[in-house]
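Computed from the coordinates by the stated procedures, all read-outs in this text should not be read as laboratory data. Everything numeric here is computed off the predicted structure, so don't read it as measured data. Note: ideal-geometry Cβ built from the backbone for every residue, glycine included; neighbour counts use all protein chains shown.
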Amino acid sequence: MKYTALTIGPIIKSLSLAHKTRELWAASYIFSFFMENVIEEIKKGHKNNIILPYPDKDDLINELKIDIRHIKKAGMFSDRLFLQSETGLFDQLQAAVNKALNDIAVKLGLSDAGALNLKKYLTSYIVEGEYNERPFKNPDEKDNIIYQFNDFLANCELQTKYSNQDNDCFLRILESINKTSLYEGVIGSLNTPFPSIIEIATSGLDIPTLSFKNYDEEDAEIWNAIIEKEKEEKCKVDKKELSKEKCKLYGKLKVSHKYIAIVQADGDNVGKLIKQIYTEDSSRIFDFTKALSGFALKAAEKISKYGGLPVYAGGDDLLFFAPVTGKGNNIFELISELDKVFKKAVIDPFNTITLEQKPSMSYGVSITYYKFPLHEALAIARKLLFEKAKKDFKNAIAFKVSKHSGSSFETVLSKPLDTNFEYLLGQKEELLLNSFMYNLDKHKTILESIIADTVKLKNYFDNFYNEDIHKSNEAEDFKKNVRILITETYKSNNNDFERTMHSVYSKLRLIKFLNSNNND
């Protein structure tokens with residue numbers, strides 16, 4: 001048996017070129033479209049030879065009853081393809097790659113020179129051979145086909161094309177993507193603008209779309225227009241105007257509506273599960289690839305319904321824009337919902353496979369002001385995911401809020417989120433929050449001496465927060481949950497006081513940020 005594998009790129013470099021939402025979408029979608037065309041060509045005579053990814057996206061969409069409107073913009077195909085055959089499919093795969101490149105050039109409306117530059121810019125590496133198990137120093141570590149050929153492809157990706165490469169050709173394609181038939185085919189019309197950061201950030205307001213074709217408008221003009229539109233919609237009941245007094249309740253934006261979340265997510269221990277499936281029952285690998293594709297489709301649909309925009313959803317790898325505050329919920333509640341989808345689609349069907357650590361999802365969440373450079377926000381999300389969430393924790397959310405004022409705060413949240421923290425995320429006790437955040441630093445010495453003693457910590461809260469404002473039922477619940485938050489964070493940080501204080505302070509700032517109606 002021979003195995004043939006393909007990888008395409010350069011994806012990370014291409015994403016970093018984007019400065020607008022449509023450019024970031026295009027930078028990702030072009031690669032998904034590239035792989036989709038390769039797969040469609042291979043399917044014509046070798047459908048049963050495809051190991052990864054699951055090739056029948058349309059059939060799966062129908063099976064899962066996915067609303068195509070919610071996933072149409074998302075790229076659904078990963079950058080790698082694995083085939084198996086008796087004699088090898090190198091030539092057939094290379095021919096499919098060449099045809100796909102030509103199809104992309106046509107869809108992008110490129111001249112012969114432009115098509116040549118694109119082909120020089122895009123990379124594709126094919127490796128083929130028989131599988132020979134490699135010995136590892138750790139006797140418990142086992143090799144398998146996917147693991148081995150992934151390593152081969154990774155080594156290929158370390159190579160870079162230098163000769164005659166036009167580094168600006170892809171940037172020019174991104175800048176004019178909304179004038180191409182590729183854009184028209186996905187979006188529906190060349191006259192339909194791609195959702196802007198402002199439109200995505202305010203989608204939770206549930207008001208008709210306000211399209212801002214550029215960012216030259218003054219901030220006040222943009223947000224006044226949104227406020228007035230919200231008032232216009234909210235202040236109508238059965239076509240009758242509400243009283244002026246009631247209308248005053250509307251048109252109040254939260255701080256978070258001026259911010260956008262860029263989320264990059266990746267599965268934990270998914271590769272180990274694939275390896276173990278091959279060890280215990282290799283025939284189930286096809287069920288697993290279908291499960292991963294099903295998760296991606298369901299995740300993209302859920303992100304879209306929340307008000308976000310899925311850019312890429314390929315297996316356990318997600319990239320999407322989302323409003324920080326959606327329709328009655330927030331970005332962290334969306335992540336909890338995505339985890340439930342992952343568990344149902346990927347974990348539960350394979351719970352009989354022997355594995356020390358079950359697969360999970362980790363997230364890098366970059367929350368930035370709507371005028372913050374897009375490519376920088378994307379880089380932050382990626383760094384949070386791979387250098388924070390997946391490095392020391394796994395099954396975690398690493399977030400950073402970069403404020404318009406220039407300040408920022410960040411921390412890593414282990415999942416599932418503590419119930420008391422989830423409760424606090426929806427609270428609006430701003431005066432109490434300010435008091436807690438102020439005293440965290442002011443009473444640092446006291447807190448360090450009592451943090452490990454729950455009784456003393458409770459006494460501290462009872463003594464320092466005993467004024468009338470602290471005595472309502474809501475305030476008591478809030479105090480209790482903050483106290484538990486400190487205790488649980490201390491435990492999760494292995495009794496490291498400094499890390500605990502940093503994390504608690506960031507969590508409290510996040511709660512305030514999500515619920516504040518004041519200007520940044």
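If each of Lys305 and Lys72 carries a label point 7 Å out from its Cα toward its Cβ, how far apart are those two points in nm?
With each label placed 7 Å out from Cα toward Cβ, I get 1.9 nm.
What list of ³J(HN,Hα) values in whole Hz, one per residue of the range 494-509 in order, does the Karplus curve 6.51 cos²θ - 1.76 cosθ + 1.60 (θ = phi - 60°) give from phi, with Gly and Pro shown as x?
So the J values, rounded to whole Hz, are 6, 6, 8, 5, 5, 5, 4, 5, 4, 5, 4, 4, 5, 5, 5, 4.
Quick one: length gained pulling Glu130 to Asp281 fully straight, 0.36 nm per residue minus the C-alpha distance?
Extra length available between Glu130 and Asp281 comes to 52.4 nm.
Taking 45 Å as R0, compute the FRET efficiency from the Cβ-Cβ separation of Ser189 and Ser435 and round it to 0.05.
According to the calculation, E is roughly 0.30.
Could you give the size of the charge dipole of the range 341-484 about its Cα centre, using +1 on the Cβ of each K and R and -1 on the Cβ of each D and E, expressed in debye and rounded to the nearest 20?
640
Two decimals, Cα atoms only, Kirkwood Rh: what is Rg/Rh over the range 351-404?
That ratio equals 1.17.
In whole Hz and in residue order, list the ³J(HN,Hα) couplings for the range 78-85 that follow from phi through the Karplus curve 6.51 cos²θ - 1.76 cosθ + 1.60, θ = phi - 60°; x for Gly and Pro.
Using θ = phi - 60°, the values come out as 6, 8, 9, 9, 10, 10, 9, 6 Hz.
Going out from 0 in 5 Å bins, what whole percent of all Cα-Cα distances in the range 303-423 drops into each bin?
Over the range 303-423, the share of Cα pairs per 5 Å bin runs 2, 10, 18, 24, 22, 13, 6, 3, 1, 0, 0 percent.
Rounded to the nearest 20 Debye, what is the dipole magnitude of the chain about its Cα centre when Lys and Arg each give +1 and Asp and Glu each give -1 at the C-beta?
680
Please work out the Cα center distance from the range 374-417 to the range 344-358, rounded to the nearest Å.
The two parts, judged by their Cα centres, are 27 Å apart.
Any chance you could give the angle, 0 to 90 degrees and rounded to 10, that helix 473-492 forms with the longest Cα principal axis of the chain?
The two axes meet at around 50 degrees.
Only loop residues by DSSP count here, and only those with at most 16 other Cβ atoms within 10 Å; note down the GluC sites (Glu not before Pro) in the range 415-520 that meet that.
Glu467
Taking the mean number of other Cβ atoms within 10 Å as a proxy for protection, how do you rank 283-292, 455-464 from highest to lowest?
283-292, 455-464
For the range 364-467, what percent of Cα pairs sit more than 20 Å apart?
Counting pairs separated by more than 20 Å, the tail of P(r) holds 58 percent.
What value, in deg cm²/dmol to 500, does the helix sum -39500 (n - 2.57) over DSSP H runs of n ≥ 4 give at 222 nm once divided by the residues of the chain?
After summing the helix terms and dividing by residue count, I get -15000 deg cm²/dmol.
Treating the angle as unsigned and between 0 and 90°, give the value, to the nearest 10°, between the Cα long axis of helix 331-342 and the longest Cα principal axis of the chain.
Relative to the chain, helix 331-342 is tipped by roughly 40 degrees.
Residues with amide H under 5 Å of Leu52's amide H, sequence separation 5 or more or different chain, H placed in the peptide plane at 1.01 Å from N; which?
Phe82
In nm, to one decimal, how far is the modelled label at Asn98 from the one at His19, with both set 7 Å along Cα→Cβ?
3.8
If I model a spin label as a point 7 Å beyond the Cα along the Cα-Cβ vector, how far apart are those points for Ser408 and Ser85 in nm?
That separation, rounded to one decimal, is 4.8 nm.
Mind listing the phi-derived Karplus ³J(HN,Hα) values for the range 6-13, rounded to whole Hz, using 6.51, -1.76 and 1.60 with θ = phi - 60°, and x for any glycine or proline?
10, 10, 10, x, x, 6, 4, 4
Just need the Rg to Rh number for the chain, please, alpha carbons only, Kirkwood Rh.
1.00
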